[in-house]
Amino acid sequence: MSGDVRTVPPAPAGPHDLLPPNGRTNAWRAAVPVLVGLFALAVVLRITDPQSIGWMQNFFLVFSGLLVEALPFVLLGALVSAVIEVFVPMSTFERMARLPKAMQLPAAALGGIAFPVCECGSVPVARRLAMKGLAPQAAITFMLAAPILNPVVLASTYFAYRGRGVLWTMVLGRAALGMVVAITVGWVVGARSKDELLRPSAADAVEEADEHTGESRGSRFFGHMGGDFLFMGRFIVVGAGAAAAVQTFVPQSIVDGVASMPILGIVAMMGLAFLLSLCSESDAFVAASFVQFGPASQLSFLVFGPMVDIKLVALYMGIFSKGFARMVVIAAASVTLVACLWLQVWTG
């Protein structure tokens, strides 16, 4: 009938759609002009003075090397995330809610091994678990641990450090330290009820995102995989560019001076992880490139970054109650710093 009005249901909002629009584009807006400018400068220098571009060659050598090593793991992480999003039912996660409360935090942390999601994907999963009755502490623990105990992440860490004497210190240390920090922060931060923890509008958004829209599973799978790869890939481009810039332009004496100071080196790497906002599937290649810093400082980068960075703070502020992001930053930074200092003392 001509008077009928049909409404088309909105497309589901993926976990990355919950980021503010500016948060999704600022990375490219900041990175593209810098990379284009550096390329143009390299061309000019090549034409005017071929002997003066050694630093530019070093920059692009480090930059391209990091990209070649990291992008396959970004693609693998996007594939695994899409499989979970499309083919794994939420009831699988809800079984954790039936465990005794004393076991929920360790089980939630270990859930990252069975359900490997990136840091952005773990946020909506954790929120849904809390909505379905899982203790908020356990939901937060899963959210923080999954991006670190993710098998893809541990595999990328192995390949980033292969051939080095600290290989198993970095792989096993990242898993163990990540689990300890996640459980501790989850216990501290999640000591509130579900209604106090979640913003109602954010919960509604996730419910809408989970509705079936009639698309085939194949279409949804490739849509999620492509979207996740593009979303995560741009951050590794920015991260590789920043790592190459630090190694090319920052005087070696300054880097060595910071790296040699026990506390300052750890804090500097944690701050760098926060600013770079890398995907955990590829951040090990960036961390391993900072050879001036010891294992404890590099571990602080690998543990703190997947829990707290710029894009995650934006997600936390939009999804959880007021003050949640601040509590996570303080708790995760404190526990990571103390744990890495102990590791630094232990390893000598």
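Each reported figure results from applying straightforward, stated rules to the coordinates on display, with no laboratory input. Everything numeric in this text was worked out from a predicted model, so none of it was measured. Cβ sites come from the backbone with ideal geometry, for glycine too, and all protein chains shown count toward neighbours.
Taking loop as defined by DSSP and a crowding limit of 14 other beta carbons within 10 Å, which trypsin sites (Lys or Arg not before Pro) in the range 269-348 fit? Present the calculation step by step, with values, prior to reporting the outcome.
Numbers: sites: Lys311, Lys322, Arg326; in loops: Lys322.
Those satisfying the criteria are Lys322.
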What is the Rg over Rh value, at two decimals, for the range 128-174, using alpha-carbon atoms and the Kirkwood definition of Rh? 1.20
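Under 14 Å from the Cβ of Ala242, count the other residues' Cβ atoms, weight Lys and Arg +1, Asp and Glu -1, and hand me the total.
On the way: positive: Arg234; negative: Asp283, Asp309.
Here the count lands on -1.
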Using a basic spin-label model with each label point 7 Å from the Cα along Cα→Cβ, how many nm lie between Val166 and Asp256? 1.7
Just the projected area, averaged over all directions, of the convex hull on the alpha carbon atoms of the range 260-348: how many nm²? 5.5
If the chain between Ile330 and Met317 were fully stretched, how many nm would it gain, using 0.36 nm times the residue separation less the Cα-Cα distance? 3.2 nm
Hey, can you rank 333-345, 114-126 by average C-beta count inside 10 Å, highest first? 114-126, 333-345
Multiply the residue gap between Trp342 and Arg217 by 0.36 nm, knock off their C-alpha separation, and tell me the result in nm, one decimal place. 40.3 nm
Relative contact order %, the range 282-348, counting alpha carbon pairs below 8 Å whose residues are six or more apart: 39
